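Q: Here it is, the structure in full.
The values are calculated or read from the model by the stated rules, or taken from the named source; none is laboratory data. Predicted, not measured: the structure shown is a model, and the values here were computed from it. Every residue, glycine as well, gets a Cβ built from its backbone with ideal geometry; the counts of neighbours run over all protein chains shown. We work out accessible area using only protein heavy atoms, side chains counted, and drop any ligands, DNA or RNA first. Shrake-Rupley method; radii C 1.70, N 1.55, O 1.52, S 1.80 Å.
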Amino acid sequence: MREFAVSGSTEERYKRTSGISAVAGVGHTDWAEDYRRVRNGEKPFDSYGYAALAFSRALEDAGISRSDVDGLIVGPTTAYERMGEILNIDPRWGGQADAVQAVFQAVLAIHSGMAEVVALVYGNDQRSAAVQYGGPEAMGGGAFLSYVYHSPWGLTSQGALYALMFQRYKEMWGVTDHDLGQVAVGQRQWASLNPHAIMRKPLTIEDYLAAKYIAEPLRLNDYCLINDGGVALIIMEAERARKTCRNPVFIKGLGRSDLNHQATSLGPRLIDFYRPAQMRAAEQVYGAAGIGPNDVDALLVYDSFSPHIFFALEGFGFCGQGEGARFIAENGIGVGGRLPVNTHGGHLSESYMQGWNHQIEAVRQLRGGQGERQVADCQHVQYVSDVAGKAMSIIYGK
């Protein structure tokens, strides 16, 4: 039997992927207009239609044709084979993944030589299709969703899970509702300056505290939006991107650590708030990119619920354990803050594209030209995701 050996530490292997890939093009649908039309009873597209429109815009942005695409990764809301047919491409490599794993897979495919130009395509008609994210029929009641395992006890809502998680965090560290409200207020500040955002009306802390609880201690504005839309990215081998594309953004670092033990019993969330996995992922992503938290110009965090921000700040070393509220109060994460967080408004205010719109925002900020919400001298943007037992991070750079 042939023996296989993998050389180097995990950190060294992540370093080998640094800078070998670039985002060559991005595209998305008109989220605010999609939202308006769906609320008026229209059905502009299904998931495939949203994805196809975003893909055509990403191709245009990259300045390439569909014949250049030799890899395809689709979001979990659509089928890989059917998407290839609809987009009229015949890739030699591909599959299905969520936003952060799609970027990882594209980089690894390029690193291994499996593909040179990978399209990442996502479409979701979740609002017009009335998708349920809680209850016994949550997203079809699929057993692959860890929170559906709790359906006999009635705890199937992701909001309820994060409410339970954050209640323990509050009691441990003396955090108040006012502290948590700074997340939604700060992200709405960014959204108010973002023409792509659905929720642009300014939100004050008084507005936040006056809103009703959905699952205490989480209020209405702690929850992500539910809206239709599509997103696409073109990830290309870095040297090819330099030669052929107008304004590529490079993928400087990746990091990942999983917590599978007790994951379906909520252990990693409730006991340690994902911190052990985040700390390991932080070592990898910062080591690969050759920077640290102090070098991050903007932080983008998967924010299906606002407590994600506290856990990311602490887990990735921006502040100490239990210091998230103080860090936000002293430094600011909104417009004018020392650490801009979710400069598009995130899932809470821009669009709920399940992490895909955060990748678009990283590219926007590094390309520049975002007007009042442009982060000054933006060189590095970090994305952080801590969903379903996985802590993952990407650092984008010029």
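Q: For the stretch 169-263, which helices (runs of 4 or more DSSP H) that fit wholly inside it have 1 or more residues that are among the polar types (S, T, N, Q)?
A: In the stretch 169-263, the matching helices (runs of 4 or more DSSP H) lie at 177-191, 238-244.
Q: Which one of these does residue 215 not meet: (1) open to solvent by less than 50 Å² (accessible area, probe 1.4 Å); (2) under 24 Å from residue 358 (Cα atoms); (3) aliphatic (A, V, I, L, M)?
A: Residue 215 satisfies all of (1) open to solvent by less than 50 Å² (accessible area, probe 1.4 Å); (2) under 24 Å from residue 358 (Cα atoms); (3) aliphatic (A, V, I, L, M) except (2).
Q: All but one of (1) within 21 Å of the chain's Cα centre (by Cα); (2) open to solvent by less than 50 Å² (accessible area, probe 1.4 Å); (3) at pLDDT 95 or above hold for residue 134; which doesn't?
A: The number of the failed condition is (3).
Q: Name the pairs: first residue in the stretch 227-250 and within 18 Å of residue 71 (Cα to Cα), second residue of a type in the set (Ser, Thr, Tyr), Cβ to Cβ under 6 Å, at least 6 apart or on different chains?
A: 231/122; 235/21; 238/21
Q: Tell me which of these residue 357 doesn't satisfy, since it passes every other one: (1) open to solvent by less than 10 Å² (accessible area, probe 1.4 Å); (2) out of contact with any His (no Cβ under 7 Å at 6 or more places or on another chain); (3) not in a strand (DSSP E or B).
A: Looking at each condition in turn, residue 357 falls short on (2).
Q: Would you tally the residues in the stretch 97-128 being touching a residue at least 60 places away in the same chain (Cβ under 8 Å) and either open to solvent by 10 Å² or more (accessible area, probe 1.4 Å) or in contact with a Cys (Cβ under 6 Å, 6 or more places away or on another chain) (or both)?
A: 10
Q: Turning to a different aspect of this structure: Spot the failing condition for residue 77; the list is (1) touching a residue at least 24 places away in the same chain (Cβ under 8 Å); (2) open to solvent by 20 Å² or more (accessible area, probe 1.4 Å); (3) over 20 Å from the mean Cα position of the chain (by Cα); (4) closer than 21 Å to residue 354 by Cβ, and only one is missed.
A: Looking at each condition in turn, residue 77 falls short on (3).
Q: Can you work out which of the residues in the stretch 233-270 that are more than 22 Å from the chain's Cα centre (by Cα) and among the basic types (Lys, Arg) is farthest from residue 163 (Cα to Cα)?
A: The extreme case among them is 243.
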